[in-house]
Amino acid sequence: MDQPVRVLAVEPESLTPSAASLSDVDDRLDVVVTSTPERALDTLSEGGFDCVLSAYELPDGNGLDVLSTLKETHPDLPVVFWPAHGSERLASDALAAGAADYLPREESDRLSDVAERIQRACADYRDRQQQASAIQRYEMLLADISDTVLMTDENGAFSYVCPNVSHVFGYSAGEVTDLGTVDALFEEPLFEPGELDERGEIENIETEITTAEGDRRTVLVTVKQVDIPVGTRLYTVRDITERERRKRERRQYERMVNTMQESACIYDEDARFEAVNEYLADFYDTTPDDLVGEKSNLVPRINAQYDDDAFGELFTGEREELTGEVAGEFPEGGYQVLDYRLTPLIVDGDVEGVVGVTREVTEQREYEQQLEETNALLSTLFEALPVGVLAEDESRQVLAANERLFELFDIKETPSDIVGADCERLAEDAGGIFADTEAFIAEIEHRIETRNPVDDVEFVLEDDRTFALSYRPLELPDGSGHLWMYRDVTEQKERERTLKRERDRFEEFANVVSHDLRNPLHVARGRLELASEDCDSEHHETIVDALDRMDTLIDDLLTLAREDDQVNEREHIDLASLVESCWRNVDSVATLQVAIDRTVSADRNRLRQLFENLFRNAVEHGSAGSDIGASPELVRGSSAGTQADQGSPTRGVTIRIGELEGGFYVGDDGPGIPPDVRERVFEAGYSTTETGTGFGLSIVEQVATAHGWDVNVTESDAGGARFEFTGVEWV
């Protein structure tokens, strides 16, 4: 040491060698001599001393007293004990009392040895001072650091332990020091022997510890080689248990995102992808790894729906979620409608991201719009119908209904109230008012299963009302559906029953009249034949005509009585062929022109009645017609026809059958029917000739009505009568 050392010597004046002589052997020593402990303390109070040199033999006390006092007042100041005579006990007592060194005078034959001991004690003192100062500086530097700092020598023995070591390990600094070496703190050695020498520094060693309380913790350790008074190795220990737990929890969220069956991701505060699942990557036509770190182009569109930074407010806690839909053109998939839900990713009360889940609902929204338009159209159409109507989708949810349905069944709700309701429940509720509920519901289920249309399946209500149920399968934008129509046919059925009773009575009357009339007619016809054998008379032919007329009247009367306004089984009938067949049964000099080639759905027998009666009516009233050629064949679409006297010109009525819009007509070139009587020609018994029965055209109207056709009388192009039939069902 080159720097001067101030020494306070405490010794009696008679003791030799004197401490004052030390300056002679080492000029770096500045020695001040005092003889009593009291004076020594006063002199030390002046300050500036680096060491105390004390004898044992003193006037007022001894050197051990001096040591004891100095350790209280100057605990760090080194004391070299220099008694006149030494012993092992004195040496032990002196060192135990805190002496830095011990050297009896009788053994120190050279003052240079004493000077060297003083210099060594002072050097040790200065080293301790520097180390304490260094530790103080490190503690000041580490005061605001949450990590725990440990320092050891090259052997791993502790030279410094940060006071906050208890925050990580649960031990106090003293308890850690007592463990001996740093390896005792960790489950496993941090590095292999010599590894630190080769690398100089080892960072981020993740390892496990067991705290004083027995808790398992995860820590991150960094070790550096240093060369400072405090030590040679610096350990920085950070408790990452919570961080690792948060990381594990976050990884759970990421795994959850990856397992979602919808497009899902985690955003950071800048709306960049932190985690992406396969579904979302497929939407962007890329891979999840390629999307991580990229900015979302959906978040700006979502934010644009709000007045403020709604996405940012998810991170600040001002919003709990964002939900809604975004529609528009996306570079990756064209026009899309996306349903979105954004929620904060919260770990231990902190928002660490935003979880975004989106569903592509373009087709669903288009379907809903179509369905809404369909429902609106159905509702509009339904309200115009006179029957109760109910439409349902394939899953039997109500699509639309009209007010008439609710009126028929006295339902207190409104049509809008039941849209989306379960039709099965509605059917059961409605079925409860039917007398045969099981049959009603069974019929509904059968129609749904077979999807076969049905018309007018009748059910009787408990209040004796009769309902007709009709069903039609529906073809909807997204599949199939069902359409039900309900009609209250109570009055119609009552009319039918009344009409049937009247018809039965009429038929009974007709049968009686027919039987009672035909017997006398047969007698009269037989007597006339006998009379004709006895004599000739010009009156016989008139009687025969009268008898024939009475037969015709009876036949027409029975036809009207026994046939009603219903038809039996319909079939597809070639109209021209049927007309030709009917024409053969007409005994007349007349011409028939067929200018139609269509097939009609009708009852063959009843349609035959219609044409035969029209032909007879035309022949009976057509007293004068056009000049007709003598061809015996019936020609379709021309004026040639069949005649009674083949091979010779004749005169007779011409009848023409042709097509008109929605039906057909039968016209002739006879005298026609005056406009003022056209409304009466279909009345039973009305005739404009003496030979007519008045029932033929009534039968014609009855057959047309039974088929659902309308019949109208007008004037033909040739000036005769023309009967037009419309509402005909062509096939």
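Residues that are modelled with pLDDT of 85 or more, small (Gly, Ala, Ser) and under 16 Å from residue 254 (Cα atoms) within the stretch 275-306 comprise 275, 293, listed in sequence order.
Right, residue 320: in a loop (DSSP other than H, G, I, E, B), within 23 Å of the chain's Cα centre (by Cα) and closer than 27 Å to residue 244 by Cα or not? When the stated conditions are applied, residue 320 passes them. If residue 270 satisfies all but one of (1) modelled with pLDDT under 90; (2) within 29 Å of residue 361 (Cα to Cα), what's the number of the condition it fails? Unmet for residue 270, out of (1) modelled with pLDDT under 90; (2) within 29 Å of residue 361 (Cα to Cα): (1). Give the residue, chosen from 253, 267, 279, that is aromatic (Phe, Trp, Tyr) and closer than 30 Å to residue 210 by Cβ. Result: 253 is the single residue among 253, 267, 279 that is aromatic (Phe, Trp, Tyr) and closer than 30 Å to residue 210 by Cβ. Residue count for the stretch 269-314 under the criterion of being farther than 13 Å from residue 356 by Cβ, touching an Asp or Glu at 6+ places or on another chain (Cβ under 7 Å) and assigned to a helix (DSSP H, G or I): the result is 1. For residue 284, the requirement of being assigned by TED's automatic domain parsing to the domain that holds residue 162, touching a helix residue (DSSP H, G or I) at 6+ places or on another chain (Cβ under 8 Å) and not β-branched (Val, Ile, Thr) is not met. Residues satisfying the criterion are absent from the stretch 182-203 (criterion: in contact (Cβ under 8 Å) with a residue 40 or more places away in the chain and among the aromatic types (Phe, Trp, Tyr)).
So which helices (runs of 4 or more DSSP H) are wholly in the stretch 126-223 and hold at least 2 residues that are modelled with pLDDT under 85 and either surrounded by fewer than 16 Cβ atoms within 10 Å (Cβ to Cβ) or basic (Lys, Arg) (or both)? Walk me through how you get there before you give the answer.
Working: elements: 165-169, 173-178, 195-199.
Counting at least 2 such residues, we get 195-199.
Would you kindly identify the helices (runs of 4 or more DSSP H) lying entirely within the stretch 1-102 that contain at least 3 residues that are over 15 Å from residue 116 (Cβ atoms)?
Values: elements: 22-25, 37-44, 63-73, 88-96.
Answer list for the stretch 1-102: 37-44, 63-73, 88-96.
For residue 233, the conditions (1) over 30 Å from residue 297 (Cα atoms); (2) within 53 Å of the chain's Cα centre (by Cα); (3) touching a residue at least 40 places away in the same chain (Cβ under 8 Å) are fulfilled apart from (2).
For residue 531, indicate whether it is outside any helix (DSSP H, G or I), surrounded by 14 or more Cβ atoms within 10 Å (Cβ to Cβ) and at pLDDT 80 or above. For residue 531, the condition - outside any helix (DSSP H, G or I), surrounded by 14 or more Cβ atoms within 10 Å (Cβ to Cβ) and at pLDDT 80 or above - is not met. Please tell me if residue 113 is assigned by TED's automatic domain parsing to the domain that holds residue 64, outside any loop (DSSP other than H, G, I, E, B) and loosely packed, with under 15 Cβ neighbours inside 10 Å. Against the criterion (assigned by TED's automatic domain parsing to the domain that holds residue 64, outside any loop (DSSP other than H, G, I, E, B) and loosely packed, with under 15 Cβ neighbours inside 10 Å), residue 113 qualifies. Looking at (1) crowded, with 20+ Cβ neighbours inside 10 Å; (2) out of contact with any Pro (no Cβ under 8 Å at 6 or more places or on another chain); (3) among the acidic types (Asp, Glu), find the lone condition where residue 50 falls short. The number of the failed condition is (2).
The values are calculated or read from the model by the stated rules, or taken from the named source; none is laboratory data. What you see is a predicted model; the values in this text were computed from it and never measured. FYI the Cβ positions are ideal-geometry reconstructions off the backbone, even for glycines, and counts take in every protein chain you see.
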